[in-house]
Each structure stands twice: as C-alpha cells, then as structure tokens.
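The values are calculated or read from the model by the stated rules, or taken from the named source; none is laboratory data. Only a predicted model underlies this, so the values are computations on that prediction, with no experimental measurement involved. Quick reminder, even Gly has a Cβ in these numbers, built from the backbone with ideal geometry, and neighbours come from all protein chains shown.
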C-alpha cells in the first residue's frame, strides 16, 4: 500500500510535522525547462456551519474526486504550457463542469516538485466558496462527467511522462474526469472521520497538497494534521496485515 | 466489525431482538463508454464516500418492526440517494448474502440491483440534492472495473481504499459472481482478498 507519504527523496519528515514535498516559488517553477511537466489542481472549499448527527461540527467541506485510476485527488490535470497559461489550462480542464467559476492568479497557492522519477511540478490553487456555490459545483460536475470521459487525450506532440499512479493517463487535460465530487468534512477534533479519509488511496501529490493547504489556510492546526496522518498510517498498516497471508 | 460470518437469510431473520439489521445495495448498469476512447468501462458500479471517511454501499439500518428488509432498504436508498431512487425498487430477488458480526451485533444483508445507465446516471445527478448529502453521504463514486497498463491503476488501486465493514469483500464477490470484469481477468487481479 504505497499511498501513504513515506519518507522519499522529495519529502521531508519530522516526528511532529506533516511531511511535505519540496516547495518552489512560482517564478522558479516557470523557469523550469521543457523537460518538466506542469499539473494544476484546484481545492474548492466552503465553511460549513452544519453538524453531523447534530453534534459533530463539519467546519469545512472540501471537494475531491475519485479519479479514473481508483485514487482520490483534486480536480485538475496536466497543462501544456506551450499553449496555455497555468490558469487558462486549469480553467480549461475544470471548465467542463464549473460554469462561470474561473480561477485566477489570485487563487494560486503553491508549487511543489513531485516525488518519483518523472519531472512534474504540481501547482495548487484554492478558492473558498459559499456552501451554496460548492453545492452548485457538485451538481454541475456530475452533468459534465460524460463529456470529460469521452474526450480522450488529444493526439499530441510530446506526451508528458506518466506520473506515478497515472498509468496510461492522458497527455493533456483532466486527470480523469469529474467522476464525482466528494465533499469531505474535517471535524474539529480528531474524530475517526478525517484519519479514515486519509487512510484511503490518494494520488500521492494530492495527499501532500491537501495537508499543505489545510495547514496554510489555517483550516486545521499542524499538530492535528500530524495526529490524523499518524492514525491513518496505523490504519493502513493494520488493514494491510489483515489482507496479506501470514505465511508470505 | 469483529468476526463476520455468513449465514442463510432464514437464519438471519430468526435472530433475536438483540440484533440490528442493515441492508446495502450495489447498484450497477451496463456502460458502453470507453475511458480515453479505448478502455471499455463495461459497467457503472456505485459506491459512496461515507461520513466516516470510508467507502461503502448505499443503505443503512432497517427495523423489521416497520416492514420487510426491502422496505427498509428502499427507504434508506431514498434518503441517501434522493428522488431518482424512487424510479426502481430493490426486491427480494436482488438479495445476495447476509453476514453477522458479533461486536456489535449487526447482521448485514447485501443486494445487487441491475439498472439502466439512464437510471444510474439519474441517481448520480440527483444525489447532491438527497437529504443525507454532505452529512452521512459525502459523495458517490464509480468503481473502476478496468486495470491500467501499470497493473495497478483502476480496480487494484481502488481496492486499496478504506472500506466499511465487509464492503470490500461484498464488492469483490459481486464483481466476480455478476461477471462484471472482462472474462478471465478476475483471476489476474493483483490484489489480496481474504479467503
């Protein structure tokens, strides 16, 4: 189960901190040569005053999606910088379902170098919406699913190398498609919800980006994130032990 | 859930009042679509991300004093999936299995229901408006039935997610028994399934 962020070449870890990919500035990212692929993803979220079962504060709803490859991730995908600015590329990929929602440079949050042998820099955007707007995105996302699905990768010039977990993914465009939107509730206390969610199978970049965004947007204190991550890793270990035969 | 054992429906229905019953349904439809214009989707199979961050099937607890198992299941589906669930009814003929756990004392009944793709997409489109959306149900997902060229992406990766109870085993059994995968590919799946 190689989906939890193990200490790798790109990630640093300390006992109390949340592991991070190597962050670079936007300027540095734009200076990277043509051997680098750029991916842009968006975290759309809303403050949620609701309570689960009338007692657990939801705090925020964050949209993620189940990707074509069976992993959880943010909406977005590869952007070919020869043809599009980062924002135009991202909106093009998202625009399949988001109507008039357009992300701009003001929504840019970070650039990180991804792990693994492929040279991919991942740009993250974040936009806070009202709960009603977020709900509208969820509703329209399902309608656009089929369109993204039928549109295969455009016959292209150079295809970026497959990133870990992408398999035979698209050369450009959405990482899959708006299969669905999962709204995640991040309860204030470390209820089992968020650690369970973290123990799912993520495309690794998205997991790092989620933890990073929750931290820098002050949606969850770093200690809580670290606790949730540690609990999630434990769950994954236990689940793995149950699945593997003891003789192997 | 500690130690789930399979039992016959008749035995399950005769368990005493100390037992709670839960019913869940795998809704599926043939899907002629192609991923990236070349990989057959074969079927659309619905699961959901639950409030507790785990994947599971729609459904929930039913009270046999209120009606049959199927009455309760269809009511739960309406609450979790919304109005589009009213276009079909899960019946006894769709029943597949029952498993009982001892801690807590819950017996889980599993159903599989074949829909048209139109019925299934109507469910997906209406789900954000369902009563439980954003609370008990965080969102619906489709299960990828294919395996990508790397041998991992698709169904094998999906199975590495976190599932409630024995939903993962229920999914694998249904996928096999209903012939949802490309013939012969179930045996080639690089996954570990408990015996």
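Quick notes on this one:
- Odd one out for residue B:181, checked against (1) touching a helix residue (DSSP H, G or I) at 6+ places or on another chain (Cβ under 7 Å); (2) within 13 Å of chain A (Cβ to nearest Cβ): (2)
- The number of residues in segment A:176-223 being part of a helix (DSSP H, G or I), at pLDDT below 90 and either touching a strand residue (DSSP E or B) at 6+ places or on another chain (Cβ under 7 Å) or under 15 Å from residue A:60 (Cα atoms) (or both) comes to 3.
- Here residue B:27 fits the description: closer than 21 Å to residue B:121 by Cβ, in contact with a helix residue (DSSP H, G or I) (Cβ under 8 Å, 6 or more places away or on another chain) and at pLDDT 95 or above.
- Residue within segment A:58-80 that is without any contact (Cβ under 8 Å) to a residue 40 or more places away in the chain and over 30 Å from residue B:117 (Cβ atoms) present: no
- Checklist (1) in contact with a strand residue (DSSP E or B) (Cβ under 6 Å, 6 or more places away or on another chain); (2) without any contact (Cβ under 8 Å) to a residue 60 or more places away in the chain; (3) under 30 Å from residue A:228 (Cβ atoms) applied to residue B:79, failing item: (1)
- Boolean, residue B:140 is modelled with pLDDT of 95 or more and either in contact with a helix residue (DSSP H, G or I) (Cβ under 8 Å, 6 or more places away or on another chain) or closer than 27 Å to residue B:95 by Cβ (or both): no
- Residue within segment B:102-123 that is surrounded by fewer than 19 Cβ atoms within 10 Å (Cβ to Cβ), within 11 Å of another protein chain (Cβ to nearest Cβ), more than 17 Å from residue B:45 (Cα to Cα) and touching a residue at least 40 places away in the same chain (Cβ under 8 Å) present: no
- Number of positions in segment B:61-76 that are modelled with pLDDT of 95 or more and touching a strand residue (DSSP E or B) at 6+ places or on another chain (Cβ under 7 Å): 6
- Test result for residue B:162, more than 16 Å from residue A:200 (Cα to Cα), surrounded by 19 or more Cβ atoms within 10 Å (Cβ to Cβ), within 17 Å of the chain's Cα centre (by Cα) and within 14 Å of chain A (Cβ to nearest Cβ): no
- Any hit, segment A:141-153, residues being outside any helix (DSSP H, G or I), surrounded by 21 or more Cβ atoms within 10 Å (Cβ to Cβ), more than 7 Å from every other protein chain (Cβ to nearest Cβ) and modelled with pLDDT under 90: no
- Candidate set from segment B:131-148 (those that are more than 7 Å from every other protein chain (Cβ to nearest Cβ) and in a loop (DSSP other than H, G, I, E, B)); member that is surrounded by the fewest Cβ atoms within 10 Å (Cβ to Cβ): B:131
- Scope segment B:9-45; condition surrounded by fewer than 18 Cβ atoms within 10 Å (Cβ to Cβ) and either away from chain A (no Cβ under 14 Å) or closer than 26 Å to residue B:62 by Cα (or both); matching residues: B:9, B:10, B:11, B:13, B:14, B:15, B:16, B:17, B:18, B:19, B:20, B:30
- Residue tally, condition surrounded by fewer than 21 Cβ atoms within 10 Å (Cβ to Cβ) and not in a loop (DSSP other than H, G, I, E, B), over segment A:122-131: 4
- Strands (runs of 3 or more DSSP E) completely within segment A:1-120 that count 2 or more residues being over 14 Å from the mean Cα position of the chain (by Cα) and modelled with pLDDT under 90: A:37-52, A:56-66
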